[in-house]
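The values are calculated or read from the model by the stated rules, or taken from the named source; none is laboratory data. Because the structure is predicted, anything quoted here is derived from the model rather than measured. Heads up, the Cβs are rebuilt from the backbone with ideal geometry, glycines too, and the neighbour counts pull from every protein chain shown. Remember, those area values only see protein heavy atoms, side chains included, never the ligands or the DNA or RNA. Shrake-Rupley method; radii C 1.70, N 1.55, O 1.52, S 1.80 Å.
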Amino acid sequence: MTLEIRNLTVSFDSRRVVDIDSLELGDAEIVALAGESGSGKSMTALAVVGLASTKGATVAGSIKLDGTELIGMPQSELRAIRGGRISMIFQSPVSSFDPVFRIGTIFRGALQLHGASRAEARDRAAEAMRGVMLAPELLDRYPHQLSGGQAQRVAIALAIALRCEVLLADEPTSALDVTVQGEILELLRRLREQERMAILFISHDLAVVAELCDRVAVMRMGRIVEVGPAAEVLRAPSDPYTRELIASVPKLTSAAAG
Amino acid sequence: MLEVRALHVVFESVHAVDGVSLTLPAGPFGLGIVGESGSGKTTIARAVMRLIPLAGGSVLLDGHDVFRLRGGALRAYRRAVQIVFQDADSTLDPRMRVGPAIREALRVHRVVSRDEFGHRVDELLEEVGLESATSSRFPHELSGGQRQRVAIARALAVEPRTLILDEPTSALDVTVQARILRLIAELREKRQLAYFLISHNLAVVQQLCEEAAVLYLGQVIEQGPTGQLLSSPAHPYTRALRSAVPEIDIADRRARVVVPGIVPDPAHPPAGCRFNPRCPFVVQRCREETPLLRRLWAEHSVACHRAEELNPVLVSHGGRGQDALGQTPDNLGSIF
């Protein structure tokens, strides 16, 4: 699996919110899109799943999944890729599920849409839940009956059940408590190891990026200002904005407070 | 001096805050209140502001029971203690321009005479790093960071001695957060402010607070000088919390202490130590007897039956010496 972005622009009327020359995501690779609000990181992800245009944006350029161009692809074909080969999870998982359906029903609907039989869907849902260390019994619950951490695990389980190859994760731990965040990061690491899933990890938190990601692309005002191996970029940033971003992160040190 | 004594707050039958005592000395001084969702940290802030009734305990300002204050004395308290919330949008009236919003605080509390309002508003805006032209703006015309500066200016307008800062930077971008934290640090020295800083971010607390208290399910489970507490956390929960903080610098990373399970339903807290179902060091006593917050050494207190046994280096060295402190987490890490 390779996802290749070339000369991607996303615009609202004359305002260009994304302008990316080049970005790639390889097999089992975790790449961060890091930046502050308004940097264009979420809009980039929406463009990849073909949802930016539904928000009224004009998308131009090229996004290729294993050589197949996604931009300009009819929505009917895109739907098969979205949720199938490419899945997306969000900051607030509870609100990304339809509240009137039980979790199991949501799984069944998605899996059957992508060609699984009813029995197959049930088995795959249960297996995926165990894969994220949740009891399959939670499939009987409604979304609001889950904690934030559980709901994010369920969202990830859905991506696993769909056998997705690319996971777009938009601030998936930002709304979670720090101990729960740690568990979700651990889970994403396992996903990459065991399922060979590639992850585009969108985050404002460079410390999380440092812990999880292989490479990082730092975005500012729609553009990538710096890209490279996460450890290198964060240790020796070459762009002044990246430097400011890193310096701004409050750091825990052994020294006492002043 | 602002004191919270044996505070109990009950919502329906849930003990959101269950016997919390904290003392905030005169400024400049920061006391950090750290905890995850449902720990009761925001409830403490609301109780101190007298926004909710108490089920027990008291809040005292210089020895006076805040919940008994009436009339002029209550107005004086509202002037002495001001709050800044995470979300400035919810504190600023969207239909009111910045200048009138600050002037209103000056007027209600009769801080200065009417003809000085304009001048004082300019001074306050300058103090928080905003141009005087900001006073003619509506909140929605400002960025999140600017709005939080306005909220701080309005809190400072009545010349409080004490602030309650409830996650003041959590909704802001990281570069903006850094500037607001610097502003708070400056103002604290200049105005000799004392504050409770409520935060889920340990690094933010470390930057701004001499002392920190860690809450779990409505109770303080560890408290002490911030540096000491973070470099040598003595309670298993604090250790887990500390180790879960992601670090940019690989050299700063610690072995992760994973706590299994989720925070129990506060309506049905476990018997004994509230952390016992998730604690890797649990023994029978922890399931039966609630550990009291007690002194481990000097100013460092912990609510854990096994604190001495689990922190031998810390106790024998009286908490001093970086080497000894540095060793403690690793030694214990092998037990996990």
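Of note:
- For B:Thr175, the conditions (1) modelled with pLDDT under 95; (2) of a type in the set (Ser, Thr, Tyr); (3) within 20 Å of B:Pro28 (Cα to Cα) all hold with the exception of (3).
- Of the residues making up the stretch A:128-149, at least one is farther than 18 Å from A:Gly182 by Cα, within 14 Å of another protein chain (Cβ to nearest Cβ), at pLDDT below 90 and surrounded by fewer than 17 Cβ atoms within 10 Å (Cβ to Cβ).
- Count of the stretch A:9-44 residues which are in contact with an Asp or Glu (Cβ under 7 Å, 6 or more places away or on another chain) and at pLDDT below 95: 3
- Conditions (1) closer than 24 Å to B:Leu202 by Cβ; (2) aliphatic (A, V, I, L, M); (3) assigned to a helix (DSSP H, G or I); (4) within 12 Å of chain B (Cβ to nearest Cβ); number of the one not met by A:Val216: (3)
- One residue alone among B:Tyr195, B:Tyr237 is part of a helix (DSSP H, G or I) and open to solvent by less than 10 Å² (accessible area, probe 1.4 Å), and that residue is B:Tyr237.
- Condition met for A:Ser62 (within 23 Å of A:Ala151 (Cβ to Cβ), surrounded by fewer than 20 Cβ atoms within 10 Å (Cβ to Cβ) and polar (S, T, N, Q)): no
- Only one entry of B:Leu2, B:Leu7, B:Leu22 meets the criterion of being closer than 21 Å to B:Gln206 by Cβ and touching a strand residue (DSSP E or B) at 6+ places or on another chain (Cβ under 9 Å), and that entry is B:Leu22.
- Residues in the stretch A:195-205 that are away from chain B (no Cβ under 12 Å) and either part of a strand (DSSP E or B) or touching a helix residue (DSSP H, G or I) at 6+ places or on another chain (Cβ under 8 Å) (or both): A:Glu195, A:Met197, A:Ala198, A:Ile199, A:Leu200, A:Phe201, A:Ile202.
- The stretch A:151-194 - residue that is within 12 Å of chain B (Cβ to nearest Cβ) and not in a helix (DSSP H, G or I) and, of those, least open to solvent (accessible area, probe 1.4 Å): A:Thr173
- Failed condition for A:Ile106, given (1) among the hydrophobic types (A, V, I, L, M, F, W, C); (2) under 27 Å from A:Val227 (Cβ atoms); (3) open to solvent by 20 Å² or more (accessible area, probe 1.4 Å): (2)
- Matching helices (runs of 4 or more DSSP H) fully within the stretch B:26-122 where at least 2 residues are of a type in the set (Val, Ile, Thr), over 27 Å from the mean Cα position of the chain (by Cα) and within 14 Å of another protein chain (Cβ to nearest Cβ): none
- Being in the same structural domain as B:Leu183 (by TED's automatic domain parsing), at pLDDT below 90 and hydrophobic (A, V, I, L, M, F, W, C) is not true of B:Val84.
- Just one residue in the set A:Val249, A:Val208 is within 11 Å of chain B (Cβ to nearest Cβ), open to solvent by less than 50 Å² (accessible area, probe 1.4 Å), at pLDDT below 95 and under 24 Å from A:Val132 (Cβ atoms); that residue is A:Val208.
- Checking each residue in the stretch B:198-234 for being under 10 Å from B:His300 (Cα atoms), open to solvent by 10 Å² or more (accessible area, probe 1.4 Å) and either in a strand (DSSP E or B) or free of Cβ contacts under 8 Å to residues at least 24 places away in the same chain (or both) picks out B:Glu211, B:Gln223, B:Pro225.
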